[in-house]
Amino acid sequence: MNKDEFLKRDWYIQGFNATPNLISHGHTSAIKYMSNHLGYGYIFMINSFKNDFCEYYYDWEDLKSIYVKVLALIKDNPKYLEEQERYQRKLWDNGLQVAKKVRQTDLNTFSNKELFFLYQETFGWYSETASVSHLIESFVLMDEELKDNLIQYYHKSAKKEKFNTYFTKLTQPIRPSFTNDEAISLLKILKFIKERPDLLNVFLNSSNVLEKISSSIVLTILKEHRDNFHWVRCNYADGTESSLEYFVEEIRTMLKKETDPATILKEEDEKYRFNKNEKERIIKELKINDQKTLQMIRLSEQLLHFQDDRKKVILIILCSINKILYEIAKRYNLDTRLSLYLCAEEITEEIINKITNRQLQERKDGCIFLWKRTSQNKGKYDYETKVLVGKEFKDFVAILKEHDEEEINDFRGMCASTGTATGKVRICQTKDDLKKFEQGEVLITSMTRPEFVTAMKKAAAIVTDEGGITCHASIISRELKIPCVIGTKIATKVLKDGDFVEVRANHSLVKIIERVKQ
């Protein structure tokens with residue numbers, strides 16, 4: 001593989017917490033599985049890692065060609081996307097059955113050979129989680145087109161509200177995200193506890209809640225919640241499932257905040273029905289009548305929920321991958337955390353026997369994986385890989401990155417959720433960054449993931465480098481009604497912790513009021 005050909009390409013970059021093993025399904029699904037299922041897919045990809053943070057590079061040419069291809073297929077068959085979604089959901093069902101089996105299995109009873117086989121079997125289904133649905137990423141190109149079309153209708157209308165208010169309402173979710181599903185489930189448990197003074201006293205005052213409720217029905221309810229949502233705090237850098245103790249502490253935190261579950265549950269029940277009615281109202285009010293724009297509105301809604309459902313399945317199977325990998329690492333005297341720097345193709349007995357913790361630490365310090373599609377017999381596809389570490393990694397990154405030293409006082413992106421807020425900047429790229437996040441700060445990140453939700457709930461506003469109207473930050477900021485500007489490209493580069501900014505999401509603007517002294 002010639003690494004120089006990767007330096008000549010134009011890249012769309014996403015940044016998030018991840019390790020090579022737990023994000024390995026990304027390239028296998030996009031380059032191999034998607035291409036083999038659909039006949040089209042991605043050709044080039046780059047994953048860059050440093051200390052559990054990943055920059056994920058999509059080739060713009062790949063995104064454009066897939067987007068054009070999908071739109072043409074939808075034009076010929078308006079049900080095309082729905083058919084692919086149904087097919088993808090069948091694949092998800094198979095993968096979830098395997099994940100359930102792994103979660104219920106005692107891996108100590110497996111021989112080494114059986115363990116490697118189980119990993120590869122599970123990873124095959126992990127790759128299938130995004131095989132067909134990896135076409136979603138190409139629809140980042142639809143966002144600006146939809147916005148431009150809506151602006152034209154807006155200028156012809158009576159303009160009762162600001163444009164970004166219309167735009168946000170038209171792209172609102174009409175059912176809860178999986179993050180909200182878990183929150184609603186936990187609120188119902190909280191309501192159950194608050195209605196029973198004896199239980200309430202235990203959760204508020206006992207130092208060992210689980211022991212005190214061992215014979216209570218609430219323990220059964222909590223176990224059911226854990227079994228349904230053990231994966232909800234996982235991410236591509238850590239697949240460790242949440243324990244009963246974790247969910248108990250979540251409930252205790254809500255009690256300390258005097259959360260009123262009945263009121264919130266009622267609001268949640270009404271919110272999505274309201275969102276759906278608002279969309280219909282705005283379409284009539286702006287007199288949107290051309291089929292292309294109406295189709296894009298429908299597609300944005302469909303893709304938003306399709307993407308959220310995909311992430312749920314990914315996280316569930318990711319837990320099982322993590323469990324098997326840790327068992328393999330322990331048997332071969334590898335540091336379990338460092339074992340996450342093995343990519344899936346390396347999980348074989350032959351390679352594991354040759355890998356050392358020192359080699360894996362070098363990858364954790366900085367590495368790049370280059371992926372390129374190759375053609376096989378009978379129209380099938382595979383891929384080739386190149387790994388760069390040490391000096392080769394640093395030299396490649398230096399060329400790949402573009403540096404802009406220009407002084408910037410304000411910048412724009414796309415409005416994901418309306419509103420205005422001011423606050424102190426906190427840049428969050430890692431889990432450690434999230435732990436430092438304080439109430440009322442402005443969350444600045446490359447892109448948000450499920451593990452960001454706790455910080456997002458505290459944020460005065462959210463600003464991201466990447467993302468479109470169906471991205472995680474868009475979904476959650478609308479649910480939380482927090483001002484959010486996405487797709488700025490430069491927020492994490494031009495801002496520093498402690499800067500004071502004003503986020504005018506209605507105008508898609510981030511204005512730097514005061515820079516922190518160096």
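The values are calculated or read from the model by the stated rules, or taken from the named source; none is laboratory data. Source: prediction; values computed, not measured. No Cβ is skipped: glycine too gets one built from the backbone with ideal geometry, and neighbour counts run over all protein chains shown.
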Checklist (1) in a helix (DSSP H, G or I); (2) modelled with pLDDT of 95 or more applied to TRP231, failing item: (1)
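Take TYR246 and tell me if it is within 23 Å of ILE317 (Cβ to Cβ), of a type in the set (Ser, Thr, Tyr) and surrounded by fewer than 17 Cβ atoms within 10 Å (Cβ to Cβ).
Details: within 23 Å of ILE317 (Cβ to Cβ): yes; of a type in the set (Ser, Thr, Tyr): yes; surrounded by fewer than 17 Cβ atoms within 10 Å (Cβ to Cβ): yes.
Answer is yes for this residue.
Could you pull out the residue among LEU342, LEU286, LEU303 that is modelled with pLDDT of 95 or more and buried (at least 16 other Cβ atoms within 10 Å of the Cβ)?
Numbers: LEU286 fails: modelled with pLDDT of 95 or more; LEU303 fails: modelled with pLDDT of 95 or more.
It is LEU342.
Identify, please: which residue in segment 343-369 is of a type in the set (D, E, K, R) and over 25 Å from SER131 (Cβ atoms) and is, among those, nearest to the chain's Cα centre (by Cα)?
Going through segment 343-369, the residues of a type in the set (D, E, K, R) turn out to be 345-346, 349-350, 354, 358, 362-365.
Next, only the ones that are over 25 Å from SER131 (Cβ atoms) stay: 349-350, 354, 358, 362-365.
Working: GLU349: 32, GLU350: 33, LYS354: 33, ARG358: 30, GLU362: 27, ARG363: 23, LYS364: 21, ASP365: 24 Å.
Checked segment 343-369; the qualifying residue nearest to the chain's Cα centre (by Cα) is LYS364.
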Among the residues in segment 509-518, are any within 29 Å of SER177 (Cα to Cα), touching a helix residue (DSSP H, G or I) at 6+ places or on another chain (Cβ under 8 Å) and either in contact (Cβ under 8 Å) with a residue 60 or more places away in the chain or among the charged types (D, E, K, R) (or both)? yes
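I'm checking my understanding of the structure. Among residues of segment 23-42 that are hydrophobic (A, V, I, L, M, F, W, C) and surrounded by 19 or more Cβ atoms within 10 Å (Cβ to Cβ), which one is farthest from PHE369 (Cα to Cα)? Please lay out each step first, then the result.
At the first step, the residues of segment 23-42 found to be hydrophobic (A, V, I, L, M, F, W, C) are 23, 30-31, 34, 38.
So of that shortlist, the ones also surrounded by 19 or more Cβ atoms within 10 Å (Cβ to Cβ) come out as 23, 30-31, 34.
Working: ILE23: 11, ALA30: 15, ILE31: 14, MET34: 19 Å.
Here the residue is MET34.
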Which pairs turn up if I take residues in segment 225-249 that are free of Cβ contacts under 8 Å to residues at least 24 places away in the same chain and look for partners that are part of a loop (DSSP other than H, G, I, E, B) with beta carbon separation below 6 Å, at least 6 apart in sequence or on another chain? SER242/HIS230; SER242/ARG233
Looking only at residues that are touching a residue at least 24 places away in the same chain (Cβ under 8 Å) and out of contact with any strand residue (DSSP E or B) (no Cβ under 8 Å at 6 or more places or on another chain) in segment 7-22, which one is surrounded by the most Cβ atoms within 10 Å (Cβ to Cβ)? ASN21
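Starting from residues that are of a type in the set (Gly, Ala, Ser) and touching a residue at least 40 places away in the same chain (Cβ under 8 Å), keep the ones in segment 40-70 and report whichever is nearest to ILE136 (Cα to Cα). Break it down stepwise before answering.
Step one: filter segment 40-70 for residues of a type in the set (Gly, Ala, Ser), giving 41, 48, 65.
If we keep only those that are touching a residue at least 40 places away in the same chain (Cβ under 8 Å) as well, we get 41, 48.
Working: GLY41: 11, SER48: 22 Å.
Among them, the one singled out is GLY41.
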So, first residue in contact (Cβ under 8 Å) with a residue 40 or more places away in the chain in segment 321-333, second residue assigned to a helix (DSSP H, G or I) and surrounded by fewer than 14 Cβ atoms within 10 Å (Cβ to Cβ), Cβ within less than 9 Å, six or more apart or across chains; the pairs are GLU327/ASN108; ILE328/ASN112; ARG331/ASN112
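Does segment 123-143 contain at least one residue that is within 32 Å of the chain's Cα centre (by Cα) and exposed (fewer than 15 other Cβ atoms within 10 Å of the Cβ)? Step through it out loud before you land on a result.
Start the filter on segment 123-143 by keeping residues that are within 32 Å of the chain's Cα centre (by Cα), which leaves 123-143.
From what is left, the residues that are exposed (fewer than 15 other Cβ atoms within 10 Å of the Cβ) are none.
Among the residues of segment 123-143, not one is within 32 Å of the chain's Cα centre (by Cα) and exposed (fewer than 15 other Cβ atoms within 10 Å of the Cβ), which makes the answer no.
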Return yes or no: is LYS287 over 30 Å from LYS364 (Cα atoms), part of a loop (DSSP other than H, G, I, E, B), touching a residue at least 24 places away in the same chain (Cβ under 8 Å) and of a type in the set (Lys, Arg)? yes
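For every residue, the table says whether it meets (1) in contact with a Phe, Trp or Tyr (Cβ under 7 Å, 6 or more places away or on another chain); (2) more than 30 Å from ILE282 (Cβ to Cβ).
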position	(1), (2)
TYR87	no, yes
GLY95	yes, yes
VAL98	yes, yes
ASN108	no, yes
THR122	no, yes
ILE151	yes, no
LYS162	no, no
THR168	no, no
Complete set of residues in segment 464-518 that are surrounded by fewer than 20 Cβ atoms within 10 Å (Cβ to Cβ) and charged (D, E, K, R): LYS481, LYS489, LYS493, LYS496, ASP497, ASP499, GLU502, LYS511, GLU514, ARG515, LYS517
For SER215: the one exception among (1) over 24 Å from the mean Cα position of the chain (by Cα); (2) without any contact (Cβ under 8 Å) to a residue 40 or more places away in the chain; (3) in a helix (DSSP H, G or I): (3)
Can you pull out the residues in segment 189-209 that are exposed (fewer than 14 other Cβ atoms within 10 Å of the Cβ) and touching a residue at least 24 places away in the same chain (Cβ under 8 Å)? LEU204
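How many residues are more than 24 Å from the chain's Cα centre (by Cα), part of a helix (DSSP H, G or I) and not hydrophobic (A, V, I, L, M, F, W, C) when one looks only at segment 292-342?
Of segment 292-342, the ones more than 24 Å from the chain's Cα centre (by Cα) are 292-295, 327-335.
From what's left, part of a helix (DSSP H, G or I): 292-295, 327-331.
Retained after the next criterion (residues that are not hydrophobic (A, V, I, L, M, F, W, C)): 292-293, 295, 327, 330-331.
The total comes to 6.
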Lone unmet requirement of (1) buried (at least 16 other Cβ atoms within 10 Å of the Cβ); (2) over 25 Å from the mean Cα position of the chain (by Cα) for VAL232: (2)
